[in-house]
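Report on the following structure.
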């Protein structure tokens with residue numbers, strides 16, 4: 001059975017490490033901001049980056065990739081819906097996965113552990129918006 005895994009979690013929570021430990025195609029919007037191994041975030045390009053990653057995911061599903069893993073923060077259900085729609089269209093089972101680390105909502109630890117130097121205040125903003133207990137059913141229109 002083909003599967004789409006939607007990773008979710010705040011920066012530094014361990015979601016990327018968990019995603020990389022799975023045996024599948026990992027796609028992250030962060031890849032858009034990485035050039036020659038250097039990550040350079042541009043807030044003005046976030047919408048473009050998400051569209052770019054969604055296009056990659058659609059291509060992977062069209063090609064029948066067995067396991068597609070979306071490694072984004074996905075803090076709200078609306079962030080995951082485009083991927084869920086694609087999965088439904090291409091016959092993929094959908095799973096939502098979080099890295100259930102002891103520090104997954106500890107803003108101080110997340111600011112320390114995240115690899116893209118996301119500042120503590122930004123992580124706090126994301127935590128304040130985080131929708132808990134999102135189910136696959138919440139993603140299907």
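If R0 is 22 Å, the Cβ-Cβ spacing of residue 2 and residue 131 corresponds to a FRET efficiency of close to 0.25. In the chain, the longest principal axis of the Cα atoms and the axis of helix 46-62 are about 30 degrees apart. Gain on full extension, evaluated as 0.36 nm per residue between residue 42 and residue 105 minus their Cα-Cα distance, stands at 20.2 nm. For the chain, modelled as a GNM whose springs connect Cα atoms under 10 angstrom apart, the maximal fluctuation among 46, 38, 118 occurs at 38. For the chain, adding -39500 (n - 2.57) for each run of n ≥ 4 DSSP H residues and dividing by the number of residues yields -11500 deg cm²/dmol at 222 nm. Against the chain, whose longest principal axis is taken from its Cα atoms, helix 120-129 shows a tilt of about 50°. Helix 77-89 sits at what angle to the longest principal axis of the chain, using alpha carbons and giving 0 to 90 degrees rounded to 10? Computed tilt is about 20 degrees. Taking 0.36 nm per residue of sequence separation and removing the Cα-Cα distance, the residue 63/residue 117 pair yields an extension gain of 16.0 nm. Its relative contact order, with pairs defined as Cα atoms under 8 Å and 6+ residues apart, puts the chain at 41 percent.
In terms of its C-alpha gyration tensor, the chain comes out prolate, because a/c is 1.5 or above and the ratio a/b outweighs b/c.
Read-outs throughout are calculated quantities, based only on the coordinates presented, and are distinct from any laboratory measurement. This structure is a prediction, so every number in the text was calculated from the model and none was measured. Ideal geometry is used to build each Cβ from the backbone, glycine not excepted, and the neighbour counts take in all protein chains shown.
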